[in-house]
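Worksheet: one structure, shown below.
The values are calculated or read from the model by the stated rules, or taken from the named source; none is laboratory data. This one's a predicted model, so the numbers in the text were calculated from it and none came from an experiment. Note that we place each Cβ from the backbone using ideal geometry, even for glycine, and neighbour counts take in every protein chain shown. The accessibility values were calculated without ligands, DNA or RNA, using every heavy atom of the protein model including side chains. Shrake-Rupley method; radii C 1.70, N 1.55, O 1.52, S 1.80 Å.
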Amino acid sequence: MKSVAEICSDLIRFDTTNPGSGERPAAEYVATLLADAGLEPVVFESAPRRTTVVARMDGDSSDALLVHGHLDVVPADPAEWRLHPFSGEIEDGCVHGRGAIDMKGSCAMTLAAVLGMRARGERPKRDLVLAFLADEEATGDYGSRHAVSEHRELFDGVSQAISESGGFSVASDGHRVYPIAVGERGTAWMKVTAHGVAGHGSRPAVDNPVATLVHALSRVAAHQWPVRLTPSVAALVQSLSEITGRPIDLDRLDDEAARLGPLGGLFEGQIRNSANPTMLEAGYKVNVVPSTASAHVDGRYLPGLQQEFLETIDRLLGPKITREFVNLEEAPDAPYPSPFFDELAGALVAEDPQARPVPYVMAGGTDAKSFARIGIEGYGFAPLMLRPDLDYFGMFHGKDERVPVEGLEFGTRVLTRLLT
């Protein structure tokens with residue numbers, strides 16, 4: 001049987017860049033591993049080469065757990081990397097390459113745990129649904145959204161799910177904290193457009209949409225979003241206060257996040273809504289004032305704060321700007337505290353007695369949003385024990401992405417303990 005590091009390395013060697021040539025080769029590899037272990041994977045495509053694999057493993061309870069991950073990755077420029085991003089090379093105790101952290105390493109842990117259970121003849125304590133999805137790095141239209149709308153029956157009986165991003169260790173001042181995600185911010189990707197009057201660039205502009213748009217985007221970029229402490233983030237802050245033995249001042253959370261270093265990074269992006277202009281499009285010639293100018297804005301909002309977010313955006317953009325959604329997703333929120341959270345925490349502590357599990361809300365979004373649409377409660381739990389010198393968040397979509405072999409082995413043990 002292949003080791004978890006070998007599976008991770010194999011998966012990285014498939015270039016599944018999104019956008020690109022699709023996930024099919026990696027999906028076929030996963031399906032072969034599952035079939036060789038005696039499972040019956042279902043392989044389907046939402047478009048040519050946009051491939052997803054789902055398999056079910058019977059357990060002692062029909063109340064099923066979904067374990068899902070995505071096979072696509074974001075682009076990587078080989079010229080910027082020390083090792084080729086699709087080499088999957090194992091060096092210095094790490095598996096290197098695009099997707100090592102996000103999230104072929106996690107898919108490898110899931111596969112290693114399940115294949116190990118099958119080889120030992122172990123039966124999970126509840127039915128498992130395993131999903132290896134396409135298109136998470138875009139909108140999920142070709143992956144999780146397609147799966148829940150066109151293949152809903154594959155997820156019958158599923159009440160809870162685990163996936164990225166949580167269960168990783170954050171070391172600081174002798175503490176080893178493991179955030180377990182119980183929610184994530186909602187997504188509001190918007191195209192905003194200014195309309196004006198076209199004219200010659202040498203003459204005084206009647207109504208220049210480029211200027212209108214630039215002023216609006218400046219207001220959005222400069223806006224100081226107020227702190228909104230949701231119950232889950234408040235629980236995280238309280239847990240960190242208890243772990244560090246020093247109260248965290250709720251009136252100075254930005255300063256406190258800076259003081260706490262890596263631990264502060266667990267809440268600094270989760271205490272407010274945000275909106276970042278990311279793309280611009282206007283004009284076609286230097287001496288022509290165009291009639292329209294547009295931009296894209298990446299908006300994120302906390303659970304329960306969608307309306308407040310949109311009202312603020314409209315005020316900042318002003319009456320001369322129209323907006324349309326490129327992607328709008330609710331902010332899913334799983335129960336906390338809960339018996340299942342305790343199970344996740346217990347699996348970590350059993351493998352690392354120094355582990356301090358805490359609740360966590362993700363700043364970004366995952367496929368959990370799609371599964372929340374069909375009533376599945378999603379938790380971020382892809383366990384990894386990391387070396388203190390590895391910047392977990394920095395490797396998401398960053399260069400020289402890598403994951404420790406020991407961390408993958410630790411995660412495989414945690415998952416096996418959770419599932420059996």
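Mind listing just one residue for me: the one in the range 308-336 that is in a helix (DSSP H, G or I) and in contact with a strand residue (DSSP E or B) (Cβ under 9 Å, 6 or more places away or on another chain) and, of those, surrounded by the fewest Cβ atoms within 10 Å (Cβ to Cβ)? Outline the logic, then answer.
From the range 308-336, those in a helix (DSSP H, G or I) are 308-317; that's our starting set.
Remaining after also requiring in contact with a strand residue (DSSP E or B) (Cβ under 9 Å, 6 or more places away or on another chain): 308-310, 312-314, 316-317.
Values: Glu308: 15, Phe309: 23, Leu310: 18, Thr312: 19, Ile313: 21, Asp314: 12, Leu316: 18, Leu317: 24.
Top of the filtered list is Asp314.
Rundown of residues vs (1) open to solvent by less than 70 Å² (accessible area, probe 1.4 Å); (2) among the small types (Gly, Ala, Ser); (3) out of contact with any Asp or Glu (no Cβ under 9 Å at 6 or more places or on another chain), yes/no style:
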{"position": "Leu217", "(1), (2), (3)": "yes, no, yes"}
{"position": "Val227", "(1), (2), (3)": "yes, no, no"}
{"position": "Glu268", "(1), (2), (3)": "no, no, no"}
{"position": "Pro290", "(1), (2), (3)": "yes, no, yes"}
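Which residues, counting only those in the range 398-420, are open to solvent by 10 Å² or more (accessible area, probe 1.4 Å), in a loop (DSSP other than H, G, I, E, B) and in contact with a strand residue (DSSP E or B) (Cβ under 9 Å, 6 or more places away or on another chain)?
If the condition is that a residue be open to solvent by 10 Å² or more (accessible area, probe 1.4 Å), in a loop (DSSP other than H, G, I, E, B) and in contact with a strand residue (DSSP E or B) (Cβ under 9 Å, 6 or more places away or on another chain), then Asp400 is the only one that fits.
Within the set of pairs 6 or more residues apart or between chains, which connect a residue that is over 18 Å from Arg315 (Cα atoms) inside the range 201-214 to a residue that is open to solvent by less than 60 Å² (accessible area, probe 1.4 Å) and in a helix (DSSP H, G or I) with Cβ atoms less than 8 Å apart?
Listed pairs, sorted by first residue: Ala205/Ala211.
Counting just the residues of the range 7-30 that are small (Gly, Ala, Ser) and surrounded by fewer than 21 Cβ atoms within 10 Å (Cβ to Cβ), which one comes out modelled with the lowest pLDDT?
So the residue we want is Ser21.
Within the group Gly105, Gly140, which residue is open to solvent by less than 10 Å² (accessible area, probe 1.4 Å), farther than 16 Å from Ala37 by Cα, touching a residue at least 24 places away in the same chain (Cβ under 8 Å) and assigned to a loop (DSSP other than H, G, I, E, B)?
Exactly one of Gly105, Gly140 is open to solvent by less than 10 Å² (accessible area, probe 1.4 Å), farther than 16 Å from Ala37 by Cα, touching a residue at least 24 places away in the same chain (Cβ under 8 Å) and assigned to a loop (DSSP other than H, G, I, E, B), namely Gly140.
Regarding Gly378, is this residue open to solvent by 10 Å² or more (accessible area, probe 1.4 Å), assigned to a strand (DSSP E or B) and under 21 Å from Ala334 (Cβ atoms)?
Yes: the conditions hold for Gly378.
Please find, among Val170, Val182, Val227, Val177, the residue that is free of Cβ contacts under 8 Å to residues at least 60 places away in the same chain and touching a helix residue (DSSP H, G or I) at 6+ places or on another chain (Cβ under 9 Å).
Exactly one of Val170, Val182, Val227, Val177 is free of Cβ contacts under 8 Å to residues at least 60 places away in the same chain and touching a helix residue (DSSP H, G or I) at 6+ places or on another chain (Cβ under 9 Å), namely Val227.
Determine whether Ser149 is closer than 23 Å to Arg356 by Cα and either hydroxyl-bearing (Ser, Thr, Tyr) or without any contact (Cβ under 8 Å) to a residue 40 or more places away in the chain (or both). Before the answer, list the steps.
Working: closer than 23 Å to Arg356 by Cα: no; either hydroxyl-bearing (Ser, Thr, Tyr) or without any contact (Cβ under 8 Å) to a residue 40 or more places away in the chain (or both): yes.
No.
Among the numbered criteria (1) more than 22 Å from the chain's Cα centre (by Cα); (2) within 23 Å of Leu384 (Cβ to Cβ), which single criterion is violated by Ala47?
(2)
Find the helices (runs of 4 or more DSSP H) located wholly in the range 164-267 whose residues include 3 or more that are closer than 30 Å to Gly407 by Cβ, and list them. Talk me through it step by step, then tell me what you get.
Values: elements: 209-222, 231-244, 253-260.
Those helices (runs of 4 or more DSSP H) span 231-244, 253-260.
Scan the range 67-109 for residues that are within 17 Å of Phe410 (Cβ to Cβ) and in contact with a Gly (Cβ under 6 Å, 6 or more places away or on another chain) and report the count.
4
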